[in-house]
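The values are calculated or read from the model by the stated rules, or taken from the named source; none is laboratory data. The shown structure was predicted, so the numbers you read here are calculated from the model rather than taken from an experiment. Cβ sites come from the backbone with ideal geometry, for glycine too, and all protein chains shown count toward neighbours.
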Amino acid sequence: MGQGVAGLLFEGYSHSVPSNPKTPPGELYAMAMTRQKVLDQYFMDARHKLIDVAAFLDRVERAEGDADFRLDAFHDAMKRLEDGGNDRANDVLMAFSDPTEEPIKVAPGKGACGAWPGKGE
């Protein structure tokens with residue numbers, strides 16, 4: 001798989017994206033894999049991740065106290081999985097991302113929390 005060196009391709013579940021930063025956004029190159037081959041190669045891994053997500057949601061539901069913006073973002077991301085289309089990974093990522101374009105003056109904490117709290121919408 002490519003490592004970000006010009007000319008190499010990053011290979012994904014259903015597409016390859018050139019590492020060249022001059023490539024137009026969203027331009028995809030189809031891999032020569034049949035649907036059956038994709039299922040054979042990736043199904044068990046995806047199954048494991050889905051069971052892990054279910055276990056996470058069970059733990060959250062059993063826990064006491066209020067949830068915060070991260071759980072809302074998680075539920076929004078899960079809804080985007082059912083929207084169809086070929087860009088689900090981007091759609092899920094955007095469910096967690098800050099859509100603003102202006103940089104903030106000071107970070108609210110020491111590191112990332114994995115989801116945008118929605119302040120300043």
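General remarks:
- Filtering segment 60-92 to residues that are more than 19 Å from A112 (Cβ to Cβ), small (G, A, S) and more than 19 Å from the chain's Cα centre (by Cα) leaves A63, G65.
- Listed by first and then second residue, the pairs with beta-carbon distance under 8 Å, at least 6 apart or on different chains, first residue in segment 29-44 and under 17 Å from N86 (Cα atoms), second modelled with pLDDT of 95 or more, are M33/Q41.
- G7 in a loop (DSSP other than H, G, I, E, B), modelled with pLDDT of 90 or more and at positive phi: no
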